[in-house]
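Visitor: First, the structure itself, so that you have it in front of you.
The values are calculated or read from the model by the stated rules, or taken from the named source; none is laboratory data. Being a predicted model, the structure only gives us computed values, none of them experimental. For neighbour counting, all protein chains shown are included, and Cβ atoms are generated from backbone atoms with ideal geometry for every residue, glycine included.
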Amino acid sequence: MGAYLLTNQGIVAEDTVLYPYQERGLQFGDGIYEVIRVYQGEPYLISLHLDRLYRSAEAIKLRMPIEREQLHKQLLVLLEQNEVDHDGSIYLQVTRGSAKRLHLFPDCEPNFYAYTDALPRPLANLKNGVKAITHKDIRWHYCYIKSLNLLPNVLAKQAAAEQGAFDAIFHRDGTVTESTAANVYIIKDHVIYTHPATERILHGCVRTQLLNLARTDGLVIEERAFTLEEMLTADEVFLTSSGIEVLPVVQIDGDQIGSGVPGLVTRRLQHLYDLDAGL
């Protein structure tokens, strides 16, 4: 992690940041966050991430302590201060603030911080693909809000790890939604399917950009919900997020997907992503 953090007080040394134990994020999960990918010191899709951060804040009636354009500029300064010239990430978090533990919104200033961290590209997984399991989606209905309430995601991710898999793919009433930290796609007969951007899924920034790139490239996309059966009988399955990029899934619940290796359409999408990110 970098030596400096961006906070309400500006850019400060990381060891000077302290919050009271009665903090809304700690006690209620009353806050939001973002993770921005950085490639060779350059933030990728930063405008999309900041747009989503402010949408999430509005959705939970959280007053942002900094204007959007000022935040954008300060994050670039943070990268420079921490001498980030490698592959990494920026983590941002905003909570409703520090106050006595009561359910009603307190009259206090929000707490905000952002830090940088190293994040190597998952090259082996991108090349070979990963295993996944399916898991019942027990999360709340407003998954489009990037909130701090991630306990169901944590439990599902742990369940996947205990079964030797990389991730867990959520399903609700037989319909696939997303994974613990990524959007999910299937490919059947060269058509790409992904759950529409409703309140049931996070509106991924990589998802938004990749769909635009795919359409420009002439690939066929249908944004519609698909079933577990459709996923398990798909030609290809892949996930996307800032951390894992365009990640092939070659096995789900022990069953092989397609030919058992990353498919041609997924490979094409990886290529489009790499070109757009300047990799």
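Visitor: Can you tell me which residues in region 77-101 are assigned to a loop (DSSP other than H, G, I, E, B) and touching a strand residue (DSSP E or B) at 6+ places or on another chain (Cβ under 8 Å)?
Guide: The answer is ASN82, VAL84, HIS86, ASP87, ARG96, GLY97.
Visitor: Restricting to region 230-250, give me the number of residues that are in contact with a Leu (Cβ under 9 Å, 6 or more places away or on another chain) and in contact (Cβ under 8 Å) with a residue 60 or more places away in the chain.
Guide: Here the count works out to 10.
Visitor: Hey, among ARG139, ARG52, ARG63, which residue is closer than 30 Å to THR233 by Cβ and of a type in the set (Lys, Arg)? Before the answer, list the steps.
Guide: Values: ARG52 fails: closer than 30 Å to THR233 by Cβ; ARG63 fails: closer than 30 Å to THR233 by Cβ.
It is ARG139.
Visitor: Would you mind listing the strands (runs of 3 or more DSSP E) fully within region 207-253 where at least 1 residues are assigned by TED's automatic domain parsing to the domain that holds ILE186, surrounded by fewer than 22 Cβ atoms within 10 Å (Cβ to Cβ) and not hydrophobic (A, V, I, L, M, F, W, C)? Walk me through how you get there before you give the answer.
Guide: Numbers: elements: 220-223, 236-241, 245-252.
In region 207-253, 220-223, 245-252 are the strands (runs of 3 or more DSSP E) which contain 1 or more residues that are assigned by TED's automatic domain parsing to the domain that holds ILE186, surrounded by fewer than 22 Cβ atoms within 10 Å (Cβ to Cβ) and not hydrophobic (A, V, I, L, M, F, W, C).
Visitor: Continuing with this model, one more query. How many of the residues in region 40-49 are crowded, with 16+ Cβ neighbours inside 10 Å and either over 21 Å from ILE244 (Cβ atoms) or hydroxyl-bearing (Ser, Thr, Tyr) (or both)?
Guide: The total comes to 1.
Visitor: Would you call TYR193 in a strand (DSSP E or B), out of contact with any Asp or Glu (no Cβ under 7 Å at 6 or more places or on another chain) and more than 19 Å from ARG52 (Cα to Cα)? Walk me through how you get there before you give the answer.
Guide: Values: in a strand (DSSP E or B): yes; out of contact with any Asp or Glu (no Cβ under 7 Å at 6 or more places or on another chain): no; more than 19 Å from ARG52 (Cα to Cα): yes.
Answer is no for this residue.
Visitor: Also: Scanning region 86-103 for residues that are among the aliphatic types (A, V, I, L, M) and over 18 Å from SER147 (Cβ atoms), which turns out surrounded by the most Cβ atoms within 10 Å (Cβ to Cβ)?
Guide: So the residue we want is ILE90.
Visitor: So, LEU275, is that one under 21 Å from the mean Cα position of the chain (by Cα) and part of a strand (DSSP E or B) or not? First the steps, then the outcome.
Guide: Details: under 21 Å from the mean Cα position of the chain (by Cα): yes; part of a strand (DSSP E or B): no.
Taking the combined requirement at face value, the residue does not satisfy it.
Visitor: Is it the case, given these coordinates, that LEU104 is hydrophobic (A, V, I, L, M, F, W, C), part of a loop (DSSP other than H, G, I, E, B) and without any contact (Cβ under 8 Å) to a residue 12 or more places away in the chain?
Guide: yes
Visitor: Need the failing condition index for GLN40 against (1) touching a His at 6+ places or on another chain (Cβ under 8 Å); (2) under 18 Å from SER147 (Cβ atoms); (3) not aromatic (Phe, Trp, Tyr), just the number.
Guide: With (1) touching a His at 6+ places or on another chain (Cβ under 8 Å); (2) under 18 Å from SER147 (Cβ atoms); (3) not aromatic (Phe, Trp, Tyr) applied to GLN40, the lone miss is (2).
Visitor: Ok, one more. Answer with yes or no whether LYS61 is over 21 Å from the mean Cα position of the chain (by Cα), of a type in the set (Lys, Arg) and on the phi < 0 side of the Ramachandran plot.
Guide: Spelling it out, it is not the case that LYS61 is over 21 Å from the mean Cα position of the chain (by Cα), of a type in the set (Lys, Arg) and on the phi < 0 side of the Ramachandran plot.
Visitor: Considering every residue within region 259-269, establish whether at least one is touching a Pro at 6+ places or on another chain (Cβ under 8 Å) and more than 17 Å from ASN128 (Cβ to Cβ).
Guide: Looking for residues that are touching a Pro at 6+ places or on another chain (Cβ under 8 Å) and more than 17 Å from ASN128 (Cβ to Cβ), one finds none in region 259-269, hence no.
Visitor: While we're looking at this one, here's another question. Working carefully through the options HIS195, HIS135, HIS171, find the one that is more than 21 Å from ASP255 (Cα to Cα) and not β-branched (Val, Ile, Thr).
Guide: HIS195
Visitor: Of everything in region 178-190, what is within 19 Å of the chain's Cα centre (by Cα), closer than 22 Å to LEU219 by Cα and not in a loop (DSSP other than H, G, I, E, B)? Give them in sequence order.
Guide: Keep residues of region 178-190 that are within 19 Å of the chain's Cα centre (by Cα), which gives 178-186.
Then drop every residue that is not closer than 22 Å to LEU219 by Cα, which leaves 178, 182-186.
Across region 178-190, the qualifying residues are GLU178, ASN183, VAL184, TYR185, ILE186.
Visitor: Scan region 13-39 for residues that are within 16 Å of GLY278 (Cβ to Cβ) and either over 14 Å from the mean Cα position of the chain (by Cα) or surrounded by fewer than 18 Cβ atoms within 10 Å (Cβ to Cβ) (or both) and jot them down.
Guide: TYR39
Visitor: Among the residues of region 162-208, how many are among the acidic types (Asp, Glu), in contact with a strand residue (DSSP E or B) (Cβ under 6 Å, 6 or more places away or on another chain) and free of Cβ contacts under 8 Å to residues at least 40 places away in the same chain?
Guide: Within region 162-208, residues that are among the acidic types (Asp, Glu), in contact with a strand residue (DSSP E or B) (Cβ under 6 Å, 6 or more places away or on another chain) and free of Cβ contacts under 8 Å to residues at least 40 places away in the same chain number 1.
Visitor: Have a look at ALA159, ALA197, ALA114, ALA181 and point out the one that is modelled with pLDDT of 95 or more and either assigned by TED's automatic domain parsing to the domain that holds ILE46 or buried (at least 22 other Cβ atoms within 10 Å of the Cβ) (or both).
Guide: Result: ALA114 is the single residue among ALA159, ALA197, ALA114, ALA181 that is modelled with pLDDT of 95 or more and either assigned by TED's automatic domain parsing to the domain that holds ILE46 or buried (at least 22 other Cβ atoms within 10 Å of the Cβ) (or both).
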